[in-house]
Amino acid sequence: MSKEKTFSITIASCERELPICPINDKLDIAAFIMFGDVEITQKSATELLKKCPKFDILVTAESKGIPLCYEMARQSQKKYIVARKSEKLYMKNPICIEVKSITTADMQKLYLSENELEDIKNKKVLIVDDVISTGKSLLALEEFINKAHGKIVGKACVLAEGDASKRNDIIFLNPLPIFEK
(Lines give C-alpha, C1' and ligand atoms only; values in the text may rest on other atoms or scores of the structure.)
Protein backbone atom coordinates (compact mmCIF):
# COMPACT_ATOMS: atom_id res chain seq x y z
CA MET A 1 0.00 0.00 0.00
CA SER A 2 1.46 3.36 -1.02
CA LYS A 3 1.65 6.28 1.36
CA GLU A 4 -0.68 9.16 0.55
CA LYS A 5 1.10 12.26 -0.74
CA THR A 6 0.57 15.28 1.51
CA PHE A 7 1.60 18.91 1.80
CA SER A 8 2.69 20.21 5.23
CA ILE A 9 1.46 23.67 6.19
CA THR A 10 1.10 25.80 9.31
CA ILE A 11 -2.00 28.00 9.32
CA ALA A 12 -2.70 30.37 12.23
CA SER A 13 -0.29 28.32 14.39
CA CYS A 14 -2.04 25.04 13.43
CA GLU A 15 0.09 22.40 11.71
CA ARG A 16 -1.73 20.31 9.12
CA GLU A 17 -0.99 17.69 6.45
CA LEU A 18 -3.14 18.37 3.40
CA PRO A 19 -3.77 15.46 1.01
CA ILE A 20 -2.57 16.01 -2.56
CA CYS A 21 -5.46 15.44 -4.99
CA PRO A 22 -5.46 15.31 -8.80
CA ILE A 23 -7.52 17.96 -10.59
CA ASN A 24 -6.62 16.71 -14.06
CA ASP A 25 -3.72 14.89 -15.77
CA LYS A 26 -1.51 18.00 -15.52
CA LEU A 27 -2.39 19.43 -12.12
CA ASP A 28 -2.70 18.43 -8.44
CA ILE A 29 -3.85 20.54 -5.52
CA ALA A 30 -3.50 20.24 -1.75
CA ALA A 31 -7.03 19.79 -0.38
CA PHE A 32 -7.85 22.11 2.51
CA ILE A 33 -11.07 21.13 4.27
CA MET A 34 -12.19 23.25 7.24
CA PHE A 35 -15.29 21.16 7.94
CA GLY A 36 -14.90 19.59 11.35
CA ASP A 37 -11.63 21.38 12.21
CA VAL A 38 -12.79 23.74 14.95
CA GLU A 39 -9.28 24.75 16.00
CA ILE A 40 -8.17 25.94 12.58
CA THR A 41 -11.56 27.59 11.93
CA GLN A 42 -11.43 29.62 15.15
CA LYS A 43 -7.77 30.59 14.87
CA SER A 44 -8.01 31.44 11.17
CA ALA A 45 -11.06 33.64 11.81
CA THR A 46 -9.21 35.49 14.57
CA GLU A 47 -6.14 36.09 12.41
CA LEU A 48 -8.15 37.16 9.35
CA LEU A 49 -10.23 39.62 11.38
CA LYS A 50 -6.98 41.31 12.46
CA LYS A 51 -6.11 41.88 8.79
CA CYS A 52 -9.53 42.89 7.43
CA PRO A 53 -10.96 46.40 7.11
CA LYS A 54 -14.13 47.44 8.96
CA PHE A 55 -17.27 45.87 7.53
CA ASP A 56 -21.01 45.68 8.21
CA ILE A 57 -21.81 42.21 6.86
CA LEU A 58 -20.03 39.08 5.63
CA VAL A 59 -20.93 37.07 2.52
CA THR A 60 -19.77 33.60 1.49
CA ALA A 61 -20.75 30.89 -0.98
CA GLU A 62 -22.10 27.54 0.09
CA SER A 63 -20.44 25.41 1.38
CA LYS A 64 -16.76 25.19 2.40
CA GLY A 65 -16.58 28.89 3.37
CA ILE A 66 -19.50 28.63 5.79
CA PRO A 67 -17.60 27.56 8.95
CA LEU A 68 -15.06 30.38 8.53
CA CYS A 69 -17.70 32.98 7.70
CA TYR A 70 -19.82 31.93 10.67
CA GLU A 71 -16.85 32.10 13.04
CA MET A 72 -15.79 35.52 11.72
CA ALA A 73 -19.40 36.71 12.17
CA ARG A 74 -19.51 35.29 15.69
CA GLN A 75 -16.23 36.90 16.72
CA SER A 76 -17.09 40.26 15.14
CA GLN A 77 -20.78 40.14 16.12
CA LYS A 78 -21.78 40.90 12.50
CA LYS A 79 -24.43 39.29 10.32
CA TYR A 80 -23.45 36.87 7.57
CA ILE A 81 -25.15 35.71 4.39
CA VAL A 82 -24.60 32.49 2.47
CA ALA A 83 -25.17 32.34 -1.29
CA ARG A 84 -26.92 28.99 -1.66
CA LYS A 85 -26.25 26.33 -4.32
CA SER A 86 -29.92 25.73 -4.92
CA GLU A 87 -33.09 27.75 -4.79
CA LYS A 88 -34.95 27.27 -1.51
CA LEU A 89 -38.72 27.47 -0.96
CA TYR A 90 -38.31 30.23 1.61
CA MET A 91 -36.42 32.49 -0.79
CA LYS A 92 -38.42 35.50 -1.94
CA ASN A 93 -37.65 36.42 -5.58
CA PRO A 94 -34.21 34.79 -5.66
CA ILE A 95 -31.62 35.75 -8.23
CA CYS A 96 -29.17 33.26 -9.68
CA ILE A 97 -25.57 33.60 -10.82
CA GLU A 98 -23.63 30.78 -12.49
CA VAL A 99 -20.05 29.94 -11.47
CA LYS A 100 -17.40 27.39 -12.46
CA SER A 101 -15.02 26.53 -9.61
CA ILE A 102 -11.68 24.69 -9.93
CA THR A 103 -12.80 22.03 -7.42
CA THR A 104 -16.17 21.30 -9.05
CA ALA A 105 -16.61 19.43 -12.31
CA ASP A 106 -19.86 21.05 -13.42
CA MET A 107 -21.16 24.59 -13.68
CA GLN A 108 -22.77 25.65 -10.39
CA LYS A 109 -25.51 28.11 -9.59
CA LEU A 110 -25.60 30.40 -6.58
CA TYR A 111 -28.76 32.04 -5.25
CA LEU A 112 -29.57 34.97 -2.99
CA SER A 113 -33.06 36.06 -2.03
CA GLU A 114 -34.51 39.53 -2.38
CA ASN A 115 -34.32 39.90 1.44
CA GLU A 116 -30.62 39.00 1.50
CA LEU A 117 -29.89 41.46 -1.29
CA GLU A 118 -31.72 44.12 0.73
CA ASP A 119 -29.53 43.27 3.75
CA ILE A 120 -26.44 43.95 1.59
CA LYS A 121 -27.74 47.23 0.14
CA ASN A 122 -25.53 50.21 1.07
CA LYS A 123 -23.47 48.03 3.45
CA LYS A 124 -19.71 47.54 3.68
CA VAL A 125 -19.33 43.89 2.66
CA LEU A 126 -16.50 41.48 3.42
CA ILE A 127 -16.44 38.44 1.12
CA VAL A 128 -15.11 35.32 2.87
CA ASP A 129 -14.00 31.92 1.56
CA ASP A 130 -11.74 29.10 2.68
CA VAL A 131 -9.51 29.07 -0.43
CA ILE A 132 -9.28 31.43 -3.37
CA SER A 133 -7.77 29.90 -6.49
CA THR A 134 -9.13 31.04 -9.85
CA GLY A 135 -11.35 33.67 -8.23
CA LYS A 136 -14.46 32.55 -10.12
CA SER A 137 -16.53 32.10 -6.94
CA LEU A 138 -15.41 35.57 -5.85
CA LEU A 139 -16.63 37.06 -9.12
CA ALA A 140 -20.07 35.54 -8.60
CA LEU A 141 -20.29 36.95 -5.06
CA GLU A 142 -19.05 40.33 -6.30
CA GLU A 143 -21.83 40.32 -8.91
CA PHE A 144 -24.45 39.73 -6.20
CA ILE A 145 -23.03 42.51 -4.04
CA ASN A 146 -22.87 44.94 -6.95
CA LYS A 147 -26.49 44.13 -7.94
CA ALA A 148 -27.49 44.86 -4.34
CA HIS A 149 -25.54 48.15 -4.31
CA GLY A 150 -23.26 46.97 -1.51
CA LYS A 151 -19.68 48.19 -1.16
CA ILE A 152 -17.03 45.48 -1.18
CA VAL A 153 -14.40 46.45 1.39
CA GLY A 154 -12.39 43.22 1.29
CA LYS A 155 -12.09 39.67 0.02
CA ALA A 156 -10.63 37.34 2.65
CA CYS A 157 -9.60 33.70 2.69
CA VAL A 158 -7.41 31.36 4.67
CA LEU A 159 -5.36 30.19 1.67
CA ALA A 160 -4.56 31.80 -1.68
CA GLU A 161 -3.86 29.01 -4.12
CA GLY A 162 -1.42 29.26 -7.03
CA ASP A 163 -1.44 32.63 -8.80
CA ALA A 164 -4.09 33.95 -6.39
CA SER A 165 -1.28 34.44 -3.86
CA LYS A 166 0.16 37.11 -6.21
CA ARG A 167 -3.05 39.15 -6.20
CA ASN A 168 -3.09 42.37 -4.22
CA ASP A 169 -6.89 42.53 -3.92
CA ILE A 170 -7.33 39.61 -1.50
CA ILE A 171 -6.48 39.17 2.17
CA PHE A 172 -5.14 35.75 3.09
CA LEU A 173 -3.14 33.96 5.77
CA ASN A 174 -1.00 31.61 3.64
CA PRO A 175 -0.15 30.90 0.04
CA LEU A 176 -0.89 27.38 -1.20
CA PRO A 177 1.06 26.00 -4.15
CA ILE A 178 -0.43 24.17 -7.10
CA PHE A 179 1.48 21.04 -8.11
CA GLU A 180 2.12 20.66 -11.83
CA LYS A 181 2.83 17.13 -13.06
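Farthest toward the positive end of the dipole of the chain, out of GLY154, GLY135, ILE29, is the Cα of GLY154, where the dipole comes from beta carbon charges about the Cα centre.
Relative to the dominant Cα principal axis of the chain, helix 136-147 is inclined by about 10°. Accessible surface for VAL131 stands near 30 Å², nearest 10, in the context of the full protein assembly shown (1.4 Å probe). Here the chain exposes an accessible surface that is 50 percent carbon and sulfur, computed with a 1.4 Å probe and the other protein chains kept in place. Principal-axis analysis of the Cα atoms of the chain puts helix 38-51 at an angle of about 60° to the longest axis. Our coupling estimate for the stretch 114-130, obtained by passing each phi through the Karplus curve with A = 6.51, B = -1.76, C = 1.60 and θ = phi - 60°, is 4, 5, 5, 4, 5, 5, 7, 3, 6, 9, 7, 10, 10, 8, 10, 8, 6 Hz, Gly and Pro reported as x. For ILE57, the amide hydrogen comes within under 5 Å of the amide hydrogens of LYS124, LEU126, counting only partners 5 or more places away or on other chains and with H modelled in the peptide plane. Looking at the chain, the accessible area is 54 square angstrom per residue; that uses a 1.4 Å probe and ignores ligands, DNA and RNA. For the stretch 9-96, DSSP calls about 60 percent of its internal beta bridges antiparallel. Taking DSSP loops as anything outside H, G, I, E and B, show the longest stretch in the chain free of chymotrypsin sites (Phe, Trp or Tyr not before Pro) there with at most 12 other beta carbons within 10 Å. Segment 91-181 is the longest.
Of all DSSP bridge pairs formed entirely within the chain, close to 50 percent run antiparallel.
When the chain is modelled as a GNM with alpha-carbon springs shorter than 10 Å, which of GLU143, GLU47, GLU116 fluctuates the most? Maximum fluctuation in the GNM of the chain, among the listed residues, is at GLU143. Each of [x] 40; [y] 30; [z] 26 is a candidate for percent of Cα pairs over 27 Å apart; the one calculated from this structure is [z].
The values are calculated or read from the model by the stated rules, or taken from the named source; none is laboratory data. These numbers were taken from a predicted model, which means no experiment stands behind them. As a convention, Cβ positions derive from the backbone with ideal geometry for all residues, glycine included, and neighbour counts pool all protein chains shown. Note: areas computed on protein heavy atoms with side chains; ligands, DNA, RNA excluded. Shrake-Rupley method; radii C 1.70, N 1.55, O 1.52, S 1.80 Å.
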